[in-house]
Structures are given as C-alpha cells and as structure tokens.
Amino acid sequence: MTQTSLQRSVHRQREMLADLLGSEMHTLAQRCAAIIDNRMALEELLADILPNFSNCKHLYVMNASGVQLTDNITPEGPDDRHLGRDRSDRPYMQGVHGDIDFKLSDAYISKNRKRPSLTAIQVIRDTSGQRIGYLGADFDLRELPFTEKLYKEPSTWRQHKGDPAIRSGVFQQHRVESLMDQKMDEVIALMTELMTTHGVYHGKLHYSSNRATVWQVDDPFIYRLLSIEDLTDPDTCLAYPRRPYHERAVVKPDEIRPVFEIFKALRFADENVYLRSGSLNIINGMVGLNFSCDGSHYIPYNEFLEKSTDFWFGSLV
C-alpha cells in the first residue's frame with residue numbers, strides 16, 4: 001500500500017529515534033545480562049545509566065517471560081508499583097521474537113498517564129546467545145526530541161465518502177433555500193474582497209446555516225464566524241485591516257471569485273445533490289467541498305476550476 005506524506009514523515013521520525021536508541025540499549029543490555037539475577041545491582045545500574053537516555057521516563061528489566069524484575073527507574077527515583085508486573089501482553093512486547101533483538105513500538109496511549117507514548121525493547125541474551133530477559137525504556141511522545149519538520153500536506157485530489165445513512169436517503173431530501181442562497185452574489189463579493197485585500201487566507205461558506213468561517217493572517221490561530229448579516233454588509237471589511245496579498249499564496253487574486261462562483265453553481269445545480277459547504281485556502285491552493293450526500297472532496301483549485309458541474313453530478317452518488 002502506498003504511504004501517505006504523513007505516514008512517510010512518521011516513518012522517518014521513527015527511524016531516527018531507533019538510530020538514537022539502538023546502540024545504547026544494546027550496550028546496556030549486555031551489562032544487564034551479567035547481573036540479571038541481582039535486582040539491587042540491576043536497579044543501581046539503570047539509575048546510573050538513566051541520565052544518558054535523554055527524555056526517558058522509565059527504565060526497567062523483565063525476565064524472559066516478560067515479568068518485571070526491577071522497579072521502574074525514573075528521573076524522580078525508583079517506582080516500585082510495577083515490580084512483578086507481567087508486560088508480556090502489552091503492544092510493545094509483540095513481535096519481539098526469533099533474531100529480533102530491538103524494537104521501537106508504535107505509539108500507544110499509556111495505561112497510567114493516558115498520554116501518547118513509545119517503548120523501546122531490547123532483548124537481553126547470555127553469553128551463549130540465549131534470551132534471558134528484556135530491557136524496556138518508556139518515552140512520553142511530547143517530550144521526545146523530534147528531528148523531523150512538520151510534514152507537507154499533499155496537494156492531490158482526495159475524496160472521502162460520508163455517512164452511508166445519509167447517502168442512501170439523498171433522493172428523499174431536497175435543498176431548502178437559505179438566506180445565503182438568496183444573497184449569494186453579495187456574499188461572494190464580500191468574501192472575495194476579504195481574501196483579496198484584507199488578509200483572509202482561508203474562507204469557508206456554510207450555506208444552510210448562513211455563516212462563514214474565516215482565518216486571517218494577523219491572527220492565524222483563531223477562526224472568526226461571520227453571520228449572513230456580516231457577509232452582506234460591506235462595513236464588515238472595516239473590521240479587517242488592509243493587507244497586501246500574501247506572498248505565499250498560490251491562488252491568484254483574480255482566481256478567487258471564479259472559485260466561489262463555481263460553489264454557487266454547485267449549490268443550485270440540483271435539488272437533491274447540492275453543495276452544503278465550500279472552502280478555499282489561497283496559501284495551499286486547496287478547495288474543500290461537502291455535499292448533501294455527505295461526500296467530501298479536497299482538490300487543488302486549478303483542477304477545480306477546470307471541472308464543469310456535469311462532472312460533479314455525474315460522479316457524486
């Protein structure tokens with residue numbers, strides 16, 4: 001199966017973490033093997049070594065059956081609550097067999113703190129190569145030294161089917177005219193103005209509920225709700241400072257209105273299958289669509305501008 005951009009980014013991050021941990025875990029496991037039957041000596045060794053494992057929350061040793069032989073050794077000191085715990089059924093212990101000596105688990109939600117975590121498992125072998133135990137190291141995902149930059153969202157067309165119950169009843173419903181439907185031209189004009197000259201880089205129209213959500217470059221972490229009254233009042237522009245068209249925008253200023261005009265066409269073209277909401281992001285150039293059949297599309301704006309309404313209504317249901 002082809003990996004997504006997100007999955008590739010996660011895979012690269014995991015490889016880097018495995019490289020950072022693998023050799024240190026192997027060396028420590030060799031030292032543990034010589035004292036596997038001495039709990040006190042094991043705990044002293046783990047406490048001495050723990051500072052070398054940056055961001056590690058717990059170090060511990062298990063026997064060959066996955067039962068914990070030591071306290072959890074933590075930066076705050078030993079924690080005896082897990083002594084004798086059988087960890088053999090935990091996700092991070094699965095798949096450590098045969099010649100596999102090291103495994104970095106998939107992320108999981110920890111039992112105690114309920115936080116995304118990772119566990120590194122290193123097999124402990126005696127001088128004859130027999131498996132005599134396991135060395136475990138737990139990490140809180142939020143405290144790991146991430147080395148990978150934020151993954152890049154792919155700019156390809158993606159379609160997601162919605163609720164089957166909604167899809168099956170699509171021809172038993174019909175579009176009810178909203179206030180936004182009645183004032184569509186005014187709404188398009190105002191949204192175009194906000195995105196062209198007032199720093200709004202992402203705008204989404206919700207047709208049935210008569211509102212829009214917008215994100216603006218001066219305060220990009222906050223979205224703002226605009227009612228139908230706001231969307232049909234030119235004075236709304238006074239609440240948004242004039243800003244030059246953003247240098248990262250891939251959508252040209254004169255291409256914004258045509259996108260919203262197609263939204264209008266998709267809203268009115270059919271009484272059963274119609275657009276419920278449409279969005280445009282001028283920075284990544286993506287158009288988002290949600291139809292009455294509950295299907296959603298994310299499509300590059302230039303591909304969107306090339307499609308006719310016949311294309312959409314021939315493929316939605």
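The values are calculated or read from the model by the stated rules, or taken from the named source; none is laboratory data. None of these values were measured; they are calculated from a predicted model. Positions of Cβ are backbone-derived with ideal geometry, glycine not excepted, and every protein chain shown enters the neighbour counts.
Summary of computed values
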quantity: Contacts under 8 angstrom Cβ, first residue in the stretch 206-225 being within 15 Å of Cys237 (Cα to Cα), partner crowded, with 17+ Cβ neighbours inside 10 Å and of a type in the set (Lys, Arg), 6 or more apart; calculated: Ala212/Lys204; Thr213/Lys204; Val214/Lys204; Leu225/Arg211
quantity: Output for the stretch 302-317, where each listed residue is modelled with pLDDT of 90 or more and surrounded by 20 or more Cβ atoms within 10 Å (Cβ to Cβ); calculated: Phe304
quantity: Scan of the stretch 36-63 for residues that are surrounded by 15 or more Cβ atoms within 10 Å (Cβ to Cβ) and in a loop (DSSP other than H, G, I, E, B), ordered by number; calculated: Ile36, Phe53
quantity: Filter pass, Tyr201 being closer than 15 Å to Asn281 by Cα and among the aromatic types (Phe, Trp, Tyr); calculated: yes
quantity: Ala18 being outside any loop (DSSP other than H, G, I, E, B) and at pLDDT 80 or above; calculated: no
quantity: Residue among Ile283, Ile299 that alone is touching a strand residue (DSSP E or B) at 6+ places or on another chain (Cβ under 7 Å), assigned to a loop (DSSP other than H, G, I, E, B) and surrounded by 15 or more Cβ atoms within 10 Å (Cβ to Cβ); calculated: Ile283
quantity: Candidate set: the stretch 64-75, residues that are over 34 Å from the mean Cα position of the chain (by Cα) and hydroxyl-bearing (Ser, Thr, Tyr); chosen: the one surrounded by the most Cβ atoms within 10 Å (Cβ to Cβ); calculated: Thr70
quantity: Residue in the stretch 68-78 that is without any contact (Cβ under 8 Å) to a residue 40 or more places away in the chain, closer than 19 Å to Lys111 by Cα and of a type in the set (Ser, Thr, Tyr) present; calculated: yes
quantity: Test: residue in the stretch 95-104 that is of a type in the set (A, V, I, L, M, F, W, C), under 24 Å from the mean Cα position of the chain (by Cα) and at pLDDT below 95; calculated: yes
quantity: Test: residue in the stretch 42-53 that is within 17 Å of Tyr134 (Cα to Cα), within 32 Å of the chain's Cα centre (by Cα) and not small (Gly, Ala, Ser); calculated: yes
